[in-house]
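Chemist: Sending over a structure as structure tokens; questions will come in a sec.
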Amino acid sequence: MSSTFNAYPNQAKPMRADIAKGKFQDAADRVKSKTDTNDKILYLMEYGRIEQLAGNFTQSRDIYTQAIANVDALQQKAKITATGMFDQSAALLVNDNAIPYQGYPYEYILLHQYQALNYVALGDVSGALVEVRRADEEQSYTQQLNQKTLAAADAKAKKESINNNVDFNQKQFQQMNAAAAAVKNQYLDAYSYYFGGLMFEATGSSNNAYVAYKQALSISPSNPYLQQNVLRLGKQLSMPDFTRYQKTYPQTIINPKPNQGKIAIIFEQGFIPLRKAFNLPLPINGSGIVPISMPYYADRHFPTPALLVSQGKETLGKTSAILNLQNLSARALKDEYPVLVVRAILRFAAKATMEHSAQKNAGDVGGIVANLYTVFSSGADLRTWSTLPNDVQIMQAYVNAGEQSLTLSYNGKRQTMPVKVTKGQTVLVWVVAYPTRLATNVFPL
């Protein structure tokens with residue numbers, strides 16, 4: 001019940017402030033005691049992410065394993081029924097925060113994606129490949145489950161004569177609409193496909209890598225590194241669709257020299273935006289237009305600058321966006337609105353019945369108490385996985401084998417780091433930007 005009467009952003013802000021300052025233990029202390037509550041999936045994801053950012057990859061792997069097990073159990077339950085979510089008594093008499101946190105498809109996908117990163121950090125590429133495949137499966141499986149949920153919401157709305165169509169022309173939706181419009185499908189994640197491509201290519205599965213890179217490119221067609229990977233492997237493997245890609249992306253194909261290896265950089269920055277609440281006017285039979293507290297995203301944060309990577313006096317390149325979580329989360333929320341509206345109207349009806357009964361049985365005092373309860377329990381559900389980055393960018397370059405020195409430049413910060421490159425192999429560099437520093441980790445593949 002930790003989020004039922006205490007809006008989740010109030011919990012997330014101090015946790016994110018701790019992370020930004022490098023106080024990972026303090027951030028972990030805020031959530032680890034809550035991992036056995038009804039919101040265990042949410043707090044396990046937060047906890048696992050904090051430990052991962054702290055470099056505690058074994059602990060993060062174990063925590064994510066618990067989160068994945070709970071998500072799997074939830075999805076098995078969802079296979080059986082999607083209608084129960086409209087009949088949960090606690091949520092109908094309180095608010096959606098009383099429903100155990102279920103998460104969003106993009107969160108499930110990234111849960112496996114970040115678990116794969118843990119396995120890479122621990123030197124277990126085969127374990128990473130298992131998570132890569134699970135992330136791929138989630139991208140189709142969660143879409144099927146969500147379609148089932150939306151169908152159940154429509155059926156419930158029809159049965160109860162509820163209008164669950166939302167007027168997204170409200171001024172509060174302006175920024176959210178713009179962010180959501182940048183994402184065609186909330187179930188597809190180019191970052192996970194790209195990461196999978198790296199894993200497949202590192203293990204000699206060039207055909208699988210080619211498929212993964214093509215899937216990533218279909219989602220993020222302007223990313224130059226995805227274009228290069230598809231063109232390079234398409235030509236190398238003599239793929240029948242290579243000519244089509246070459247016409248679509250006319251450019252010189254870059255191949256490594258015999259004494260070179262590849263550096264692949266994943267660059268993360270910022271935090272995913274937090275939700276806010278506002279009163280959305282909804283038509284309710286017998287009551288007219290009633291303002292109901294609903295979640296939304298108030299501000300659209302534009303992409304952050306790229307990370308510039310150089311070696312000595314030579315510029316190797318700059319990162320390019322592959323995943324924008326501010327847009328993805330807005331798309332997910334907008335898609336969920338028909339479900340939220342049905343539950344909100346059912347809740348209003350249930351509370352109205354409770355108030356009427358209280359006043360009838362206990363007079364004016366009972367009616368006042370019931371009315372106060374309704375006011376203080378009418379909070380929008382603002383829960384999301386809040387320690388995810390704002391956006392992710394990637395960069396690739398071929399460099400000579402041996403001990404190399406890279407210079408990273410970003411937003412006025414400049415940092416030099418050593419990287420050992422092996423001929424014919426890939427080294428993954430994970431970079432996370434904080435307000436005063438860049439945190440780096442190097443993982444050979």
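Chemist: Of the residues Ile284, Ile322, Ile68, which exhibits the maximal mean-square fluctuation in a Gaussian network model of the chain defined by a 10 Å Cα contact cut-off?
Modeler: Ile284
Chemist: Restricting things to alpha carbons, find the Rg to Rh ratio for region 204-314 using the Kirkwood radius for Rh.
Modeler: Across region 204-314, the Cα-based Rg/Rh ratio is 1.23.
Chemist: Each residue of region 187-201 in order: what ³J(HN,Hα) in whole Hz does its phi give by Karplus 6.51 cos²θ - 1.76 cosθ + 1.60, θ = phi - 60°, with x for Gly and Pro?
Modeler: Result, rounded to whole Hz: 9, 10, 10, 5, 4, 5, 5, 4, 4, x, x, 4, 5, 5, 5.
Chemist: Running a GNM on the chain with Cα contacts under 10 Å, which residue among Gly412, Gly317, Gly270 ends up with the highest mean-square fluctuation?
Modeler: The residue that fluctuates most here is Gly412.
Chemist: Further question: Around Val392, what is the net charge, scoring Lys/Arg as +1 and Asp/Glu as -1 over all other residues with Cβ under 15 Å from its Cβ?
Modeler: Residues near Val392 contribute -2 overall.
Chemist: Just list whichever of Lys13/Lys214; Lys23/Lys313; Lys247/Lys420; Lys32/Lys276; Lys23/Lys413 have alpha carbons separated by over 31 Å in the model shown.
Modeler: Flagged as over cut-off: Lys13/Lys214; Lys23/Lys313; Lys247/Lys420.
Chemist: Additional query: Rounded to whole Å and ordered largest first, report the semi-axes of the equivalent ellipsoid of region 1-62 derived from its Cα gyration tensor (root of 5λ).
Modeler: Here the semi-axes work out to 19, 15, 7 Å.
Chemist: Any lysines with Cα under 22 Å of the Lys156 Cα? List them, leaving off those in the same chain fewer than 8 positions away.
Modeler: Leaving aside lysines fewer than 8 places away in the same chain, those within reach of Lys156 are Lys77, Lys79, Lys148, Lys334, Lys351.
Chemist: Also, quick follow-up: Just one of (1) 141; (2) 154; (3) 210 is volume of the Cα convex hull per residue in Å³ calculated from these coordinates, so which is it?
Modeler: Here the calculated entry is (2).
Chemist: Quick check on the chain: helices-only [θ] at 222 nm, where DSSP H runs of length 4 and up contribute -39,500 (n - 2.57) each and the sum goes over total residues. Nearest 500, please.
Modeler: When only DSSP H runs of four or more count, the value is -17000 deg cm²/dmol.
Chemist: Could you tell me the distance between the Cα centroids of region 208-255 and region 1-68, to the nearest Å?
Modeler: Taking the Cα centre of region 1-68 as reference, the centre of region 208-255 is 38 Å away.
Read the figures in this text as sums done on the coordinates, not as results from a lab. Treat the numbers as computed from the prediction; the structure is a model and nothing was measured. We place every Cβ from the backbone using ideal geometry, glycine too, and count neighbours over all the protein chains shown.
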